[in-house]
Structures are given as structure tokens and as C-alpha cells.
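Let me begin by presenting the structure, written as C-alpha cells, before commenting on it.
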Amino acid sequence: MSAALLPKPQMRGLLASRLRKHIVVAFLFSMGCAAGYKFGVAEPRKRAYAEFYKKNYDAMKEFEAMRKAGVFESAPPK
């Protein structure tokens, strides 16, 4: 009696049906992780670097400091 109530097991195509479902789930999960990293880490980092270089960084001052230290061969210290 209980054998008639149990559904028949899937004997063919089980791997293909499971893979199809798991590939879709894995793809969506990876896209979510990539978007989370982009908007949670990469974009704030780019904004922070842009803000630092816009406000605090003087390229000529750094060049003169490196030149004075003798870093460059083509631009000897004065």
C-alpha cells in the first residue's frame, strides 16, 4: 500500500536536469558576487583615489623630490 503512494524515482536524465539548475544558480550567484565587489569595493576605491589625487597630490613637487633624491638617471639632481 505504501509503495503505491511513493513517487517513482527519476532514472534517466537526473544529472542533466540537476546540472541545468545548478549552472543557472551558480551563474546568478557569481554575477551577484561580481556586482557586489564592483559596487562595494572597486567603485569606492576609485572615488577615494580620485579624491586624493585631486586634492592632495602635486606631481611637480613629487618629481622634484625624486629628482633631488637621485632617482632619475635622465634628470640629475640640481
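The values are calculated or read from the model by the stated rules, or taken from the named source; none is laboratory data. Computed from a prediction, not measured in an experiment: that's the story for all the values here. Neighbour counts are summed over all protein chains in view; Cβ atoms, including those assigned to glycine, are modelled from backbone coordinates with ideal geometry. Side chains included, ligands, DNA and RNA excluded: accessible areas come from the protein's heavy atoms. Shrake-Rupley method; radii C 1.70, N 1.55, O 1.52, S 1.80 Å.
Give, in nm to one decimal, the length gained when the segment between E62 and R20 is fully stretched (0.36 nm per residue of separation minus the Cα-Cα distance).
Taking 0.36 nm per residue and subtracting the Cα distance, the gain is 9.5 nm.
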Positive end of the charge dipole of the chain (Lys, Arg +1 and Asp, Glu -1 on Cβ, about the Cα centre): tell me which of L19, L6, A48 has its Cα farthest that way. L6
Helix 59-69 vs. the chain, principal-axis angle (Cα, 0 to 90°, nearest 10): 70 degrees
Taking Cα atoms only, helix 43-55 is inclined relative to the longest principal axis of the chain by an angle, in degrees rounded to 10, of 10 degrees
Computing the accessible area with a 1.4 Å probe over protein heavy atoms, can you report the carbon and sulfur percentage for the chain? 65 percent
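What whole-number value in cubic angstrom gives the convex hull volume per residue for the C-alpha atoms of the chain?
188 Å³
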Multiplying the sequence separation of M31 and F72 by 0.36 nm and subtracting their Cα-Cα distance, what value in nm do you get? 10.3 nm
Let me have the 222 nm mean residue ellipticity of the chain computed from DSSP H runs of 4+ only, each contributing -39500 (n - 2.57), with the sum over all residues rounded to the nearest 500. -21000 deg cm²/dmol
Helix 14-37 axis, angle to the chain major axis (alpha carbon atoms, nearest 10°): 30 degrees
